[in-house]
Amino acid sequence: MRHLKDLDVHDKRVLVRVDFNVPLDEQGRVSSDARIKAALPTLTYLHEQGARIILMSHLGRPKGRVVDSLRMGPVGERLAELTGWEVVCAPDCVGPEVQDLAQSLLPGHVLLLENLRFHPQETQGDEEFARALASLGEVYVNDAFGTCHRAHASVAVVPRFLPSAPGFLLEAEIQAFQKILHNPDHPYVAILGGAKVSDKLPVLTNLLPRVDRLLIGGAMAYTFLAAQGIEVGQSRVEEELITSARLLLQTAQSQGKQLLLPVDHVAAVHFAEDSPYEITGPGIPDGLMGLDIGPRTRIIYKEALADAKTILWNGPMGVFEWPEFRKGTEAIAQDVATADAYSVVGGGDSVAALELLGLQGNVSHVSTGGGASLELLEGKTLPGIQALEQA
Ligand code: AMP
């Protein structure tokens with residue numbers, strides 16, 4: 001794969017696929033510009049090189065038709081505010097008028113194309129549509145990691161037609177996952193949490209042979225405890241996955257891996273923020289449901305992380321949204337941030353926990369793409385990354 005710095009971008013029309021799929025408030029204004037800011041290292045570099053920058057992104061789910069509330073205008077305004085650059089918003093993302101705007105773009109100026117998903121051909125990965133997008137630029141850069149698991153036209157097909165490279169954001173993601181999947185230092189500890197075993201089973205299966213220890217938390221843990229015959233009360237259990245969970249426990253044992261499950265729990269009377277709760281363990285009696293890992297588990301998990309040289313963390317240890325059931329997730333965030341290890345954190349809640357504690361700068365890599373990072377952890381090849389490799 002080429003690097004961005006290997007491409008000659010000076011004076012060139014550089015077509016950049018960014019992830020400007022930002023949240024909007026009720027007035028249609030950008031309510032978080034984190035994704036715009038995340039693309040700035042790449043865009044600033046291109047700007048400094050005197051490139052003519054053409055940006056393209058999707059926003060929301062317009063499902064192949066024009067939805068006025070999902071136009072890119074507010075995003076362009078915020079980009080102009082953040083950078084002080086001249087940002088022109090195109091009326092569409094393809095067609096003669098957009099072609100004229102692209103051709104007449106001055107070095108250092110930015111053209112922001114209209115929402116790609118106003119055209120159904122984008123999500124269909126349509127080749128003609130990709131060709132029309134590619135005709136706007138002379139060079140292609142992909143900095144939209146969060147969309148790389150989609151075989152969409154702007155992500156997976158445009159690179160067939162132009163010299164292509166990942167932007168700095170995407171390249172950092174590729175390197176981080178390369179390291180934790182193929183070249184980790186040991187001991188390697190993965191911490192997986194979240195709501196469902198069904199979402200994470202392929203990840204667990206792919207990671208188990210690579211790690212030394214696997215720490216499990218969140219609602220996921222109760223299916224594993226149930227598989228061991230431990231009582232879990234009213235905790236969330238995926239009955240249909242108990243057999244798979246048992247198999248994974250057996251595989252871990254036969255491979256000499258440590259698979260750690262919670263030994264105590266913050267168990268609530270009902271699923272509510274203000275529910276009364278108690279600490280129980282090793283099981284959870286009838287009438288209670290586990291909503292966080294307990295204090296003994298926090299200590300055991302801390303010890304399991306103490307000598308780690310590589311750490312991967314994805315998913316909360318409990319119902320992190322509610323303060324009374326957040327301690328386990330916060331403890332893990334602290335442990336990961338203070339470890340003397342190469343650490344990668346992904347998944348919205350884990351990243352939010354780090355941010356809440358102001359610790360996001362204390363880990364080696366914070367991943368920006370939920371679905372894309374899970375697919376990489378499952379061992380899949382992402383269409384957007386493969387397209388850059390083949391370009
Ligand atoms: P995921 O999207 O799979 O990472 O799961 C995140 C969600 O799992 C969050 O909304 C958490 O509130 C939820 N969650 C974590 N632990 C539990 C639990 N013990 N019981 C119910 N929901 C949980």
Do you know which residues across the stretch 206-258 are among the β-branched types (Val, Ile, Thr) and more than 16 Å from the ligand (Cβ to nearest atom)?
Val211, Ile242, Thr243, Thr251
Would you confirm whether or not the stretch 162-169 contains a residue that is surrounded by fewer than 20 Cβ atoms within 10 Å (Cβ to Cβ), in a loop (DSSP other than H, G, I, E, B), more than 14 Å from the ligand (Cβ to nearest atom) and assigned by TED's automatic domain parsing to the domain that holds Ile311?
no
Given the conditions (1) crowded, with 18+ Cβ neighbours inside 10 Å; (2) at pLDDT 90 or above; (3) over 19 Å from Pro187 (Cβ atoms), every one holds for Gly358 apart from (1)
Which number in (1) more than 21 Å from Pro62 (Cβ to Cβ); (2) of a type in the set (D, E, K, R); (3) touching a Gly at 6+ places or on another chain (Cβ under 8 Å) marks the one condition that Glu127 misses?
(3)
The helices (runs of 4 or more DSSP H) lying wholly within the stretch 5-117 that contain at least 1 residues that are surrounded by 15 or more Cβ atoms within 10 Å (Cβ to Cβ), in contact with a Cys (Cβ under 6 Å, 6 or more places away or on another chain) and touching a residue at least 12 places away in the same chain (Cβ under 8 Å) are 73-83
Might you let me know whether the stretch 176-192 holds any residue that is part of a loop (DSSP other than H, G, I, E, B), modelled with pLDDT of 95 or more and closer than 30 Å to His10 by Cβ?
no
Cβ-Cβ below 6 Å, separation at least six or inter-chain, first residue in the stretch 312-328 and touching a residue at least 40 places away in the same chain (Cβ under 8 Å), second in a helix (DSSP H, G or I) and within 6 Å of the ligand (Cβ to nearest atom): which pairs?
Pro316/Asp349
Would you mind stating whether Thr338 is surrounded by fewer than 17 Cβ atoms within 10 Å (Cβ to Cβ) and either among the β-branched types (Val, Ile, Thr) or modelled with pLDDT under 95 (or both)?
yes
How many residues does the stretch 280-338 contain that are aromatic (Phe, Trp, Tyr) and near the ligand (Cβ under 10 Å from one of its atoms)?
3
Can you report the number of residues in the stretch 183-201 which are near the ligand (Cβ under 10 Å from one of its atoms), among the aliphatic types (A, V, I, L, M) and under 18 Å from Glu239 (Cα atoms)?
2
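The values are calculated or read from the model by the stated rules, or taken from the named source; none is laboratory data. Quick caveat: nothing in here was measured; it's all calculated off a predicted structure. Ideal geometry is used to build each Cβ from the backbone, glycine not excepted, and the neighbour counts take in all protein chains shown.
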